[in-house]
1. Name every residue in the stretch 93-112 that is surrounded by fewer than 19 Cβ atoms within 10 Å (Cβ to Cβ), under 22 Å from residue 463 (Cβ atoms) and of a type in the set (A, V, I, L, M, F, W, C), in order of residue number.
2. For the stretch 130-171, what are the residues that are outside any loop (DSSP other than H, G, I, E, B), aliphatic (A, V, I, L, M) and under 22 Å from residue 194 (Cα atoms)?
3. Which residues, counting only those in the stretch 279-331, are closer than 19 Å to residue 371 by Cβ, charged (D, E, K, R), surrounded by 16 or more Cβ atoms within 10 Å (Cβ to Cβ) and free of Cβ contacts under 8 Å to residues at least 60 places away in the same chain?
4. Is it true that residue 85 is assigned by TED's automatic domain parsing to the domain that holds residue 393, closer than 25 Å to residue 472 by Cβ, part of a loop (DSSP other than H, G, I, E, B) and touching a Ser or Thr at 6+ places or on another chain (Cβ under 6 Å)?
5. Taking the condition in a strand (DSSP E or B), surrounded by fewer than 19 Cβ atoms within 10 Å (Cβ to Cβ) and either in contact with a helix residue (DSSP H, G or I) (Cβ under 6 Å, 6 or more places away or on another chain) or assigned by TED's automatic domain parsing to the domain that holds residue 194 (or both), does residue 126 pass?
6. Among the residues of the stretch 160-210, how many are surrounded by 19 or more Cβ atoms within 10 Å (Cβ to Cβ), farther than 25 Å from residue 247 by Cα and hydrophobic (A, V, I, L, M, F, W, C)?
7. Restricting to the stretch 158-185, name every residue that is charged (D, E, K, R) and farther than 19 Å from residue 471 by Cα.
8. Is it fair to say residue 391 is in the same structural domain as residue 92 (by TED's automatic domain parsing) and not in a strand (DSSP E or B)?
Amino acid sequence: MIHRFPRVSHACTALLLGTLGLLPATSHAGFFDDLFKLFGGGGTTTTPGTTTPTTGTIPTDAATKGTFGPVANWPIIPIHVVLLPDGRVMSYGSDTKGVQTGQFNYDVWDPSKGTGTDAHLLLPNTTGTDIFCSAQVIVPSSGAVLLTGGDRTVKNVRNYSADDVNFFDYRYNAMYAAPQRMSYLRWYPTVVTLSNGKILVLGGRIDPNTPAPTPELYSDGEGWTTLSGATSDDAYGTRNWSYPRAYQAPNGKVFVTTIWGGTYYVDASGNGSVAATPLKLAVSDYYLPSVMYAPGKILSFRKYNKAVSIDINGATPTATTVTGVGQDRYHGSATVLANGQVLVNGGSMVDNVANGVAYQAKIWNPATKAWTLAATASKMRLYHSVSLLLPDATVLTGGGGAPGPATNLNAEIYTPPYLYSGTSMAVRPVIQTAPTTTTWGANFTATVNSTGVSRVTFIKTGSVTHTLDFDQRFMDLGYTVSGNTLTIQAPSSSNAAPPGYYMLFVFNSAGVPSVAKIVKLG
């Protein structure tokens with residue numbers, strides 16, 4: 001017997017309102033837009049705030065190592081986190097006691113309100129889907145969070161898969177079920193935003209013994225398409241099914257790395273196709289991190305303290321060996337900071353065991369390919385932990401457990417070295433005005449309170465689970481300065497910068513970043 005609560009879709013809700021004479025039944029996007037007009041508003045929309053500490057004793061090495069803030073309680077284990085277009089953070093994955101299930105609750109955190117209880121909005125999951133170990137990403141056209149797949153219990157046994165599709169609309173703090181399911185049951189899938197704004201879903205498994213080797217494609221206007229021509233057991237099936245590492249590539253295809261070493265390009269046009277590349281990598285693991293740290297460049301951790309920098313900008317992908325982080329960090333996280341350096345935190349030498357736990361973070365500099373020691377966290381961050389860059393240029397680190405050696409219903413905010421000046425907080429530039437939208441190849445203007453601008457960076461808002469940030473990518477933007485006005489060059493290509501929401505950071509002459517403005521690229 002399959003235990004599943006009834007799914008109440010947006011269509012049913014719209015039909016009910018129509019029956020009451022309040023609203024006609026309509027599509028999911030139109031339904032919530034009309035609902036907004038009907039009731040004269042929606043959920044809270046905030047300006048991204050700051051969690052950066054401004055009081056207390058600052059360590060003498062803060063300007064070189066950064067700091068981890070105090071441990072803050074979290075309503076659930078944040079196994080999945082996604083930065084919303086309004087700067088808040090949605091998280092989900094466990095119940096309020098830290099037990100495995102996403103069937104009952106999820107949370108929306110407002111960083112501008114700090115880390116106390118009042119900053120959290122704990123909401124009921126009314127969709128009937130256990131969204132534990134699903135995949136989530138922002139849909140570029142609407143800003144809604146697309147949630148694909150999840151967990152099911154069959155004959156009292158957990159960890160079967162779901163074909164459910166759900167959406168979270170941040171404007172109304174509402175999660176709702178989509179009427180069309182995927183063609184395949186999926187648990188632990190990957191989602192990738194493509195250059196055309198569609199969402200590619202790869203991998204995951206159908207049941208405990210059967211991977212899902214055929215990708216699917218979601219379009220906000222067209223629904224779901226099965227890419228039967230791109231079926232592959234090697235790329236994202238039997239040999240590589242759990243959250244495959246996949247990236248929109250500069251050549252318009254999707255680049256995939258595998259735990260066994262093979263690499264692939266996926267073409268999502270038509271019925272889809274997949275082809276192996278000549279590049280072979282050392283063996284990795286599902287739970288070693290990987291991150292795109294620059295356009296077409298990926299830092300990939302492999303087993304036995306190995307790491308490579310993969311370059312997919314040329315006709316054929318290449319890889320260069322770089323120094324490892326110092327030990328294998330199973331379930332650790334790799335997060336691109338506002339300045340393009342990579343923070344690695346958490347993990348342990350043994351998979352989800354408190355053996356060789358890495359409490360001290362490290363930072364990798366892409367310019368020098370060297371590591372520096374960063375601050376030391378209070379909590380172990382192992383299986384089901386997360387790390388997410390926030391608009392104030394700090395990093396949310398949290399979670400771990402369900403199962404694990406520790407049940408971490410908590411988080412710590414990491415403040416990087418660039419926000420300190422000696423033992424004081426650095427003076428930050430302020431973006432006074434910036435557009436909310438731009439498009440490829442355009443020039444746009446922003447005003448700042450500083451004439452000493454040294455850098456402008458653009459970072460895709462993150463969506464993280466299981467050591468993987470589905471859409472993270474970083475780039476420097478060209479700019480000119482006239483007084484306090486910047487003329488900034490938007491990315492030239494949707495292959496390099498897929499549509500969606502990006503954090504715009506401006507740095508002063510001391511290398512200190514502003515609080516970001518979130519800009520929609522499309």
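The values are calculated or read from the model by the stated rules, or taken from the named source; none is laboratory data. Please read these numbers as outputs of a predicted model, since none were measured by experiment. Backbone-built Cβ (ideal geometry, glycine too); neighbour counts: all protein chains shown.
1. Correct list: 104 only.
2. Across the stretch 130-171, the qualifying residues are 135, 137, 138, 145, 146, 147, 165.
3. Within the stretch 279-331, 302, 306, 328, 329 qualify.
4. no
5. no
6. Matching residues across the stretch 160-210 total 3.
7. Passing the criteria: 158, 163, 164, 171, 181.
8. Details: in the same structural domain as residue 92 (by TED's automatic domain parsing): yes; not in a strand (DSSP E or B): yes.
So residue 391 fits the description; yes.
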